[in-house]
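Single-structure report; data block below.
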Amino acid sequence: MKYCNIGEMNLSRIMVGCMRIGDKPLPQTESLIVEAVRAGVNAFDLADIYGGGDSEKVFGVAVKDLGLTREDYFVQTKCGIRRSDAGKWYDFSKEHILNSVDGSLQRLKMEYIDILLLHRPDTLMEGEEIAEAFARLKESGKVRAFGVSNFSAAQMRMLRSCGVKIAVDQMQFSLGHTALVDVGLNVNTGKDEATTRAGDALEYCREKGITLQAWSPLQWGWFEGVFVGDERFPALNEKLNTLAEKYDCTPAAIALAWILRHPAKMQAVTGTTSPERMQSLCKAADIDLTREEWYSLYLATGKTLP
Ligand SMILES: NC(=O)c1ccc[n+]([C@@H]2O[C@H](COP(=O)([O-])OP(=O)(O)OC[C@H]3O[C@@H](n4cnc5c(N)ncnc54)[C@H](OP(=O)(O)O)[C@@H]3O)[C@@H](O)[C@H]2O)c1
């Protein structure tokens, strides 16, 4: 396994994403965790809204059943997305952040959360209020570190100017969604990819030592499906299959290795609920793709280089 430091915590660079465990049988989730831990994974990604709160409940029960020592694994959860009859809205108010953490701790049946992320930018956010909420959570020992998700560089810069500490930015990134790297590869060209869809987050995080986490590492588009094995991506799958043979792993593990190879030292947040797939995906941490292989996978997505 490969690891990275977030504050004083040493987290695995493959994380188990728990968005899809809420309605899965408990023994399946327990096996998923067992396989992940066996491969060296110690970091788990949740959110208050996953499964309407059920993902946190199931995770809390599973780690207790398995007898895992709390200090041996890291729990990350998120807050800030709300729903009501009026629809969806974002809420980074101090009151909501504090309430949301209490709700997560109750569902997890835990004393503290290791990392709390603001899930998706709230345009009504007020940095000072967030800074106050984070300070209260830190002082009370309920949360050890903080971060954001789906934030641009400008948004992180704005919050940091108000005293908000940001250790993580979790962004969609995969061979099926390459916006994080597209812009840097196409600076000052007339190509669509030169548009800063990811808001310079890659460069900003590298400069400031903020850990990037890649969510949905195997999906293309907006949860359109898994690109691995999908006949709509023949060139990409041919390349994934060739490299899988070379490195003696699955094509999905190559897709993960592509993320881990980036010098930003990102974490990849996997979403499988299958213990077998989890085990095979973890092989990605043993693979170091060459530069030529990395770029050949990028080109196989249909992207071009100037
Ligand atoms: N911050 C954000 O805004 C945000 C947004 C979305 C997700 N996330 C985080 O990212 C995590 C991962 O997202 P995701 O679930 O979309 O990620 P993913 O790993 O790209 O997709 C996992 C899904 O693909 C399926 N799958 C099909 N073939 C697979 C294969 N060969 N290997 C692995 N999985 C395969 C899995 O099914 P099986 O379960 O049957 O294997 C599962 O339904 C989430 O759990 C969540 O923690 C964060």
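For segment 101-133, a residue qualifies if it is open to solvent by less than 10 Å² (accessible area, probe 1.4 Å) and assigned to a helix (DSSP H, G or I), and the qualifying residues are V101, S104, L108, G127, I130, A133.
The residue that is nearest to A255 (Cα to Cα), counting only those in segment 184-199 that are buried (at least 16 other Cβ atoms within 10 Å of the Cβ) and modelled with pLDDT of 90 or more, is L185.
For segment 1-52, give me each residue that is part of a loop (DSSP other than H, G, I, E, B), within 13 Å of the ligand (Cβ to nearest atom), open to solvent by less than 30 Å² (accessible area, probe 1.4 Å) and not hydrophobic (A, V, I, L, M, F, W, C). Result: G22, D48. For segment 266-294, a residue qualifies if it is outside any helix (DSSP H, G or I) and in contact (Cβ under 8 Å) with a residue 60 or more places away in the chain, and the qualifying residues are M266, Q267, A268, V269, T270, G271, T272, T273, S274. Entry remark, segment 210-223: residues being in contact (Cβ under 8 Å) with a residue 24 or more places away in the chain and more than 6 Å from the ligand (Cβ to nearest atom) number 7 in total.
P263 meets the conditions (1) more than 15 Å from the ligand (Cβ to nearest atom); (2) open to solvent by 20 Å² or more (accessible area, probe 1.4 Å); (3) outside any loop (DSSP other than H, G, I, E, B); (4) of a type outside the set (D, E, K, R) in every case but one. The failed one is (3).
Of L118, L175, all but one fail to be within 16 Å of the ligand (Cβ to nearest atom) and touching a residue at least 60 places away in the same chain (Cβ under 8 Å); the exception is L175. The set of residues in segment 219-252 that are under 20 Å from M19 (Cβ atoms) and either in a helix (DSSP H, G or I) or open to solvent by 30 Å² or more (accessible area, probe 1.4 Å) (or both) comprises W220, W222, F223, E224, V226, V228, A252. Filtering segment 82-92 for residues that are within 21 Å of G141 (Cα to Cα) and either part of a strand (DSSP E or B) or in contact with a Phe, Trp or Tyr (Cβ under 7 Å, 6 or more places away or on another chain) (or both) leaves an empty set.
The values are calculated or read from the model by the stated rules, or taken from the named source; none is laboratory data. This structure is a prediction, so every number in the text was calculated from the model and none was measured. Virtual Cβ from ideal backbone geometry, glycine too; neighbours counted across all protein chains shown. Heads up: the accessible areas ignore ligands, DNA and RNA and are worked out on the full protein's heavy atoms, side chains in. Shrake-Rupley method; radii C 1.70, N 1.55, O 1.52, S 1.80 Å.
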